[in-house]
Amino acid sequence: MPPVAFVSAAAATPLLELRQLHLRRGASQVFADLSLKLDEPRIGLIGHNGAGKTSLLRLLCALELPGSGQVLSQGQDLHALPQGQLRARRVGMMFQNPDDQIIFPTVEEELALGLQPQGLARREALARARDFLAARGLADWAARAVGSLSQGQRQQVCWLALLLAGPRTLLLDEPYASLDLPGRARLADDIAGCAQQVLVSTHVLDPVRDYPRVIWLDAGKVRGDGPGREVCAAYEAAVAQEVAHARTVARAVHAGMRVAA
Ligand SMILES: Nc1ncnc2c1ncn2[C@@H]1O[C@H](COP(=O)(O)OP(=O)(O)OP(=O)(O)O)[C@@H](O)[C@H]1O
């Protein structure tokens, strides 16, 4: 099936770009010759489990090294940029599992960590983290042990840490997964208010439906790329078709019949 509707030509030097990228992870060939220019302020990433969404985000913040090809940040090879300062100011990622991200025992220390690339002294970074939490009505979270928070609250800490760090592009991997309904609404509002570019990988389609661009990955290939409404609708239609086919097969198997794939 051809992609849903291709995005019109991006800027000459996009914020992020993948060029002829090949990636293997374990036994899986995740991407083979993938090229994408990513310049829109909001981009959704959708697709089935294992389609390559997390792998794409990990490549975009240099956590994954491609077998070949390039990841460019404003025209510069991301892997060639010094990690501590420049790279961390350009891209930051919120992990699907907060326990893969959180390093420090308390919330304020975790938030302060993200300010390191800005060259702040530890005491100043901690004060900024406390002020930031207080401004969001979360002053009592500052000294709390991260281990005493629920999964959704830890996910919120990861988001707040990324927001405070403020890199040019925010990469969010399944940010809605553990959040309750008010938490989802808060996150959607936070994203809407962000000055930065935001890429969101998600199985929850509503938050990305109105994005100017959604990319549908299918087994490491771009199957849809265009306005959120169109791409989400095409994905939902394909899922409905797959589910209907699977049910037909299951019923036929149950009845002892043979069905074409
Ligand atoms: N640590 C790993 N080692 C080996 N293979 C991996 C690893 N992580 C992912 N893969 C493989 O890479 C492919 C892409 O996985 P990826 O996690 O990027 O998919 P995804 O679209 O984010 O899936 P999900 O929606 O389940 O989070 C899959 O085939 C997966 O099995």
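Inspection of segment 237-260 finds a residue satisfying the criterion of being touching a Ser or Thr at 6+ places or on another chain (Cβ under 8 Å) and over 30 Å from Gln118 (Cβ atoms). In segment 152-197, which residues are within 16 Å of the ligand (Cβ to nearest atom) and among the charged types (D, E, K, R)? Scanning segment 152-197 gives Asp173, Glu174.
So which of Leu170, Leu162, Leu133, Leu179 ends up being within 27 Å of Thr202 (Cα to Cα), at pLDDT 95 or above and in contact with a Gly (Cβ under 9 Å, 6 or more places away or on another chain)?
Numbers: Leu162 fails: at pLDDT 95 or above; Leu133 fails: in contact with a Gly (Cβ under 9 Å, 6 or more places away or on another chain); Leu179 fails: at pLDDT 95 or above.
Going through Leu170, Leu162, Leu133, Leu179 in turn, just one is within 27 Å of Thr202 (Cα to Cα), at pLDDT 95 or above and in contact with a Gly (Cβ under 9 Å, 6 or more places away or on another chain): Leu170.
Listed by position, the strands (runs of 3 or more DSSP E) contained in segment 20-118 that have at least 3 residues being out of contact with any Gly (no Cβ under 6 Å at 6 or more places or on another chain) and within 16 Å of the ligand (Cβ to nearest atom) are 28-38, 42-46.
The values are calculated or read from the model by the stated rules, or taken from the named source; none is laboratory data. On a predicted model such as this, the values are computed, not experimentally measured, just so you know. Glycine gets a Cβ as well: all are built from the backbone with ideal geometry, and neighbour counts include every protein chain shown.
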